[in-house]
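All remarks here apply to the structure that follows.
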Amino acid sequence: MTAPQPSDAALAAPSPRRTRGGAVIVGPTIRARYVPGALIGLPLVSVLLSPFAAAGIQQWRFGRLREGHDALLEQLLAPAWMQLLLGALLLWALFALWGIVPMLLTHRVVHLDEASGTLALRKGLRTVDRAELGQLDYAVGEAERGSIALIGIRDAEHAPGAAPARPRSRGGEASTSRQWVVQEIGWDAASFDGLRALQTLSGLRPAPPRAVLVRENRRQRIARANHELADRLGMPWRPEYERDETAFRDEFDRVRRVLGGKEKPRPGDPA
């Protein structure tokens, strides 16, 4: 894979999310992951399933009426559209609760305190591990949605009361004693910028912004697909096709016309 070329955009300073105390958040927050689904995805699902909930509400209302209850609530639920609306709202509330609970329990993120140079691994609402910025061995992650970040932490060699250091690797550095995993590091630009900020502050080479990497990954996927199409036709592949999709499409269409007998072949065209 060809790495993206440096540019002004690639050198842009990271703009990560921060906690109320000013710590850099490496990874997406619960709010960033939860709100899009709760406000877009779950309402659509609730509307589609609202007839089932409305049927339950209707049965409940009929039961109340048979028992002699005919108060304001029963009268409000008489129209079918009100039953559908209330059913959709109840389903949305139920799905939203089911969605937030496991996320609160399993969500992983890292907080970087620049002032003290400390890292804290958070799982849900708890801090499960801590480290100093100087213990950071590596911090890598992909920019695509669904990807994870891997953060390697070395043992503290000179901390008071610390355990003996692990054997050193061939490069002379202490081997990584533990590895932190941050989910959905490529969720959005701010989430990935948290990883870039961590890389910058620790002295590692920072990755380009998420938009640059996503655009480059898309270009490479298109180039691979075009290369397969060219191989199927026996069409010669030119270096400019890697970045110029229009040039490839024009030549690809011309070769197809040649193979279909609609255009005269040129030297080098497949037979």
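The values are calculated or read from the model by the stated rules, or taken from the named source; none is laboratory data. Note that the coordinates shown come from a computational prediction; the quantities given were computed from them, not determined experimentally. All Cβ positions, even for glycine, are placed from backbone atoms using ideal geometry, and neighbour counts span all protein chains on display. Areas reflect the complete protein model, heavy atoms only, side chains present, ligands, DNA and RNA absent. Shrake-Rupley method; radii C 1.70, N 1.55, O 1.52, S 1.80 Å.
Looking only at residues of region 23-63 that are open to solvent by 60 Å² or more (accessible area, probe 1.4 Å) and touching a residue at least 40 places away in the same chain (Cβ under 8 Å), we find that the one that is nearest to V181 (Cα to Cα) is V45. As a summary of the residue check, A207 satisfies the conditions (1) assigned to a loop (DSSP other than H, G, I, E, B); (2) open to solvent by 40 Å² or more (accessible area, probe 1.4 Å) except for the one numbered (2). Being under 18 Å from R145 (Cβ atoms) and of a type outside the set (A, V, I, L, M, F, W, C) is the filter here; which residues of region 20-57 pass it? Of everything in region 20-57, those that are under 18 Å from R145 (Cβ atoms) and of a type outside the set (A, V, I, L, M, F, W, C) turn out to be G27, P28, T29, R31, R33, Y34, P36, G37, G41.
Filtering region 19-73 to residues that are under 30 Å from S202 (Cβ atoms) and in contact with a Gly (Cβ under 9 Å, 6 or more places away or on another chain) leaves V24, I25, V26, G27, P28, I30, Y34.
More than 15 Å from V110 (Cα to Cα), in contact with a helix residue (DSSP H, G or I) (Cβ under 8 Å, 6 or more places away or on another chain), modelled with pLDDT of 90 or more and of a type outside the set (S, T, Y), is that true of L42?
When the stated conditions are applied, L42 does not pass them.
Does region 150-159 contain at least one residue that is part of a strand (DSSP E or B) and within 16 Å of A23 (Cα to Cα)? The answer is no, given that none of the residues of region 150-159 is part of a strand (DSSP E or B) and within 16 Å of A23 (Cα to Cα).
Within the option set L125, L112, L136, being open to solvent by 50 Å² or more (accessible area, probe 1.4 Å) and of a type in the set (A, V, I, L, M) holds for one residue only, L125.
Determine which member of the set A78, A93 is small (G, A, S), modelled with pLDDT of 90 or more and open to solvent by 40 Å² or more (accessible area, probe 1.4 Å). Outline the logic, then answer.
Values: A78 fails: modelled with pLDDT of 90 or more.
None of the other options fit; the residue is A93.
Residues R257, R232, R218: which one is out of contact with any helix residue (DSSP H, G or I) (no Cβ under 8 Å at 6 or more places or on another chain), in a helix (DSSP H, G or I) and under 30 Å from T29 (Cα atoms)? Walk me through how you get there before you give the answer.
Details: R257 fails: under 30 Å from T29 (Cα atoms); R232 fails: under 30 Å from T29 (Cα atoms).
Matching residue, one of R257, R232, R218: R218.
Do the conditions hold for R66, that is, is it surrounded by fewer than 16 Cβ atoms within 10 Å (Cβ to Cβ), of a type in the set (K, R) and over 30 Å from I153 (Cβ atoms)? It is true that R66 is surrounded by fewer than 16 Cβ atoms within 10 Å (Cβ to Cβ), of a type in the set (K, R) and over 30 Å from I153 (Cβ atoms). For A120, the requirement of being within 22 Å of the chain's Cα centre (by Cα) and among the small types (G, A, S) is met. Any residue in region 181-191 that is charged (D, E, K, R) and at pLDDT 90 or above? So far as region 181-191 goes, yes, one or more of its residues are charged (D, E, K, R) and at pLDDT 90 or above.
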